[in-house]
Amino acid sequence: MVNRILKHAQRLRRTSVEHEQLTSLINSMADGVLAVNHLMKIVTSNGAALNILDINNTLIGKQLDDVLKPYDKNNQPVDIIKLVQSTRIPTTNRDLLLKYSDGSQINLYLSIAPVHLGYGKRGRQGYVLLIRDITHEKSLEEERDEFISVVSHELRTPIAITEGNISNAQFIAEKTGDITKIKQALHQAHDQVLFLADMINDLATLSRAERGKLVVDVQHIDVASLIFTLAKTYASDAQKKGLTLQVKTPEHAVTLLSSELYVREILQNFITNAIKYTEQGNVTIAARADPKGTLFTVSDTGIGISNQDQEKVFDKFFRSEDYRTRKNNGTGLGLYVTSKLARLIHAEIELKSKLNKGSTFSIFIPNLQ
């Protein structure tokens with residue numbers, strides 16, 4: 001009799017230790033855990049579940065559908081009791097929403113697994129639910145899908161134009177041998193290849209920036225020399241459109257401590273956009289010294305940017321619906337990459353623009369120590 005009592009006490013102690021270990025394990029999980037019995041009452045939960053459900057009180061003993069009220073991707077309420085009870089094998093769902101009393105919502109991952117809540121065959125049927133906030137993951141997935149869709153669309157047009165012009169050049173060469181028309185076709189094809197090269201460069205820079213692979217190599221930059229070099233580089237582009245390219249530099253020599261590569265690329269994006277979207281007048285590249293760095297501005301007398309578009313102009317793949325913008329080739333990545341590079345060198349960008357009056361992109365680049 002005494003031995004049976006001792007053995008029973010030992011079993012109770014082991015059960016208690018195992019229960020404590022299980023409770024500790026569940027509470028250490030990042031996913032929310034809800035274990036429900038056959039009556040759909042919660043018998044076990046953890047702190048993560050409280051956080052996800054935004055509940056401060058204990059969940060033990062509460063009916064599952066009183067605390068977990070998901071919606072499907074069509075924003076329709078989901079009968080969670082029916083969903084759980086119909087589950088025969090472990091099942092997951094990544095297309096649910098969970099709404100909060102303040103009007104906000106999250107994307108919810110839900111895993112349901114039938115289990116026996118107890119020992120051996122006597123354990124009653126129950127279910128273990130794992131819940132997780134996957135809002136950030138969903139956002140990344142949607143951004144990735146949009147990225148692939150937009151890139152595919154943007155690549156398709158120049159490839160089709162290039163192929164068409166090369167085929168046309170081949171046809172002319174075989175039929176008439178008209179050198180002028182052959183040159184025209186090849187010139188148009190070449191323009192599209194350059195556009196594709198620009199897109200690939202932008203995508204490569206963007207990829208490195210978003211993976212944190214870009215390194216800021218701080219150098220002493222002669223501000224006047226940099227501006228004159230850029231002006232010389234883009235003088236022919238401006239001249240072809242009949243534009244005046246003006247330069248304004250500080251009266252005294254100014255040296256900026258920053259990444260020359262990134263500063264140059266930022267200004268190049270501003271200058272090329274200014275020339276591209278200006279039909280007449282001028283483009284002005286200027287710099288002004290400041291005790292803490294240098295303020296660069298690129299101004300034009302171009303088509304300008306509407307107030308609505310100004311809010312989106314630095315977004316990935318954004319291109320204005322203005323027909324004057326659409327008639328020019330563009331990846332919609334240049335200014336997005338520019339904003340990424342600006343953050344890397346702790347620079348601040350400001351845009352001022354009026355439709356049909358022109359735009360001014362300003363960037364203050366601090367000295368990096």
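Has the stretch 34-55 got at least one residue that is at pLDDT 65 or above and loosely packed, with under 10 Cβ neighbours inside 10 Å? No: zero hits. Does the stretch 183-192 contain any residue that is within 25 Å of Gln268 (Cα to Cα), among the aliphatic types (A, V, I, L, M) and touching a residue at least 12 places away in the same chain (Cβ under 8 Å)? Yes, there is a match, as at least one residue in the stretch 183-192 is within 25 Å of Gln268 (Cα to Cα), among the aliphatic types (A, V, I, L, M) and touching a residue at least 12 places away in the same chain (Cβ under 8 Å).
The residue pairs whose first member lies in the stretch 156-169 and is closer than 8 Å to Ala189 by Cα, whose second member is β-branched (Val, Ile, Thr) and in a helix (DSSP H, G or I), and whose beta carbons are closer than 7 Å, counting only pairs six or more residues apart or on different chains, are Thr162/Val193. Once the stretch 295-310 is narrowed to residues that are over 19 Å from Ile227 (Cα atoms) and touching a helix residue (DSSP H, G or I) at 6+ places or on another chain (Cβ under 7 Å), the residue that is surrounded by the most Cβ atoms within 10 Å (Cβ to Cβ) is Gly302.
Among the residues of the stretch 276-320, count how many are among the β-branched types (Val, Ile, Thr) and either outside the structural domain of Ile266 (by TED's automatic domain parsing) or at pLDDT below 90 (or both). Selection size over the stretch 276-320: 3.
One residue stands out in the stretch 65-92 among those that are free of Cβ contacts under 8 Å to residues at least 60 places away in the same chain and in contact with a helix residue (DSSP H, G or I) (Cβ under 8 Å, 6 or more places away or on another chain): the one that is nearest to Val128 (Cα to Cα), namely Val84. Tell me, yes or no, whether the stretch 203-210 has at least one residue that is of a type in the set (Val, Ile, Thr) and outside the structural domain of Val298 (by TED's automatic domain parsing). Within the stretch 203-210, one or more residues are of a type in the set (Val, Ile, Thr) and outside the structural domain of Val298 (by TED's automatic domain parsing). In the stretch 192-204 there is at least one residue that is small (Gly, Ala, Ser) and farther than 30 Å from Thr301 by Cβ. Listed here are the helices (runs of 4 or more DSSP H) enclosed by the stretch 31-119 that have at least 2 residues being closer than 24 Å to Ser139 by Cα: 47-53. Scanning the stretch 198-245 for residues that are within 20 Å of Tyr277 (Cα to Cα), assigned to a helix (DSSP H, G or I) and of a type outside the set (Ser, Thr, Tyr) gives Asp198, Met199, Asp202, Leu230, Ala231, Lys232, Ala235, Asp237, Ala238, Gln239, Lys240. The residues on offer are Ala204, Ala224, and the sole one that is within 28 Å of the chain's Cα centre (by Cα) and within 26 Å of Ser362 (Cα to Cα) is Ala204.
The values are calculated or read from the model by the stated rules, or taken from the named source; none is laboratory data. All figures in this text were calculated on a predicted structure; none of them were measured in a lab. Note that we place each Cβ from the backbone using ideal geometry, even for glycine, and neighbour counts take in every protein chain shown.
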